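Visitor: Can you read through this structure? Questions will come right after.
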Amino acid sequence: MANYLDKEELAREFYPLVRKIAYDLVRSLPPSISVDDLIQEGIIGFLSAIEKFDPQRNLRVSTYVTSRIKGAMLDYLRSMDWMPRTLRKQMKTIEKKRIEKLNEDPQKAPEEINSEIAKELGMEVKDVEIVEREISRDQILSLDKYFFEEEGEENFSSDDEGPDKAFEKQELKIKLEKAIRSLNEREQLILSLYYEEELNFKEISRVLELSESRVCQIHSTALSKIKEMIKEWV
């Protein structure tokens, strides 16, 4: 690899990208998550990517390392479990309630859903909204890696990824694409801005002239719909 690329020069070139990805991620995570830890994991992912990169393949270095940097950060976050058991239980209950209400009326506004859930569970609306944010974070960590994969990433799959695993990933991507197409226009737009344009919720709120919390709710609702559709198709 050293014959093709100067790793130190590349590290300097891509360090701002590592920082940007880390800070974009940390905005939607609890305060207990250190951005420095994310940066460190991103750098490790970058160095690993550079070691494995094959310049003979028809793929840009930036495309390759960007995916690996974010993938390393997401793997690190998924390996952690910062949520108390009681919160996880609340998340399951509230997400189940929300899905039931969406099935009853797919056009129901997130604010109305939260109000109804709060009343049924004897909670304050603000507490339901807090749990909703945790649901959104959990969904992002679960699905982000699939949305983030660049077209052609199969060209540099891990060497230890067998054909069965690769087939499962491809099947899931097909199901995700089908589920996304079934969402309404605003939900698709927010997912596109978040995963393709890589805007954070604050930036999306400015573009669409919505509150940041509203964008977060629509994003979370869209992911809940996707998750339910995929369960039905399995």
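Residue by residue, here is whether (1) within 21 Å of TYR195 (Cβ to Cβ); (2) out of contact with any helix residue (DSSP H, G or I) (no Cβ under 6 Å at 6 or more places or on another chain); (3) in a helix (DSSP H, G or I) holds:
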| site | (1), (2), (3) |
| --- | --- |
| LYS70 | yes, no, yes |
| TYR76 | yes, no, yes |
| GLU95 | yes, no, yes |
| GLN107 | no, yes, no |
| GLU116 | no, yes, yes |
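Visitor: Now a separate question. Which residue pairs have Cβ atoms under 8 Å apart, sit 6 or more places apart or on different chains, and have a first residue in segment 175-190 that is surrounded by 13 or more Cβ atoms within 10 Å (Cβ to Cβ) and a second that is outside any loop (DSSP other than H, G, I, E, B) and charged (D, E, K, R)?
Guide: Listed pairs, sorted by first residue: ALA179/LYS225; LEU183/LYS225; GLU187/LYS225; GLN188/ARG181.
Visitor: Also, I was wondering about something else. Given the structure, is LEU143 modelled with pLDDT of 70 or more and out of contact with any Ser or Thr (no Cβ under 9 Å at 6 or more places or on another chain)?
Guide: Numbers: modelled with pLDDT of 70 or more: no; out of contact with any Ser or Thr (no Cβ under 9 Å at 6 or more places or on another chain): yes.
Considered against the rule, which asks whether it is modelled with pLDDT of 70 or more and out of contact with any Ser or Thr (no Cβ under 9 Å at 6 or more places or on another chain), LEU143 comes out as no.
Visitor: With SER211, SER205 as the choices, which residue is surrounded by fewer than 16 Cβ atoms within 10 Å (Cβ to Cβ), among the polar types (S, T, N, Q), modelled with pLDDT of 80 or more and at negative phi? It would help to see each step written out before you state the result.
Guide: Values: SER205 fails: surrounded by fewer than 16 Cβ atoms within 10 Å (Cβ to Cβ).
It is SER211.
The values are calculated or read from the model by the stated rules, or taken from the named source; none is laboratory data. As the structure is a prediction and not an experimental result, all values here were calculated from the model. Cβ atoms come from the backbone with ideal geometry, glycine included; neighbour counts cover every protein chain shown.
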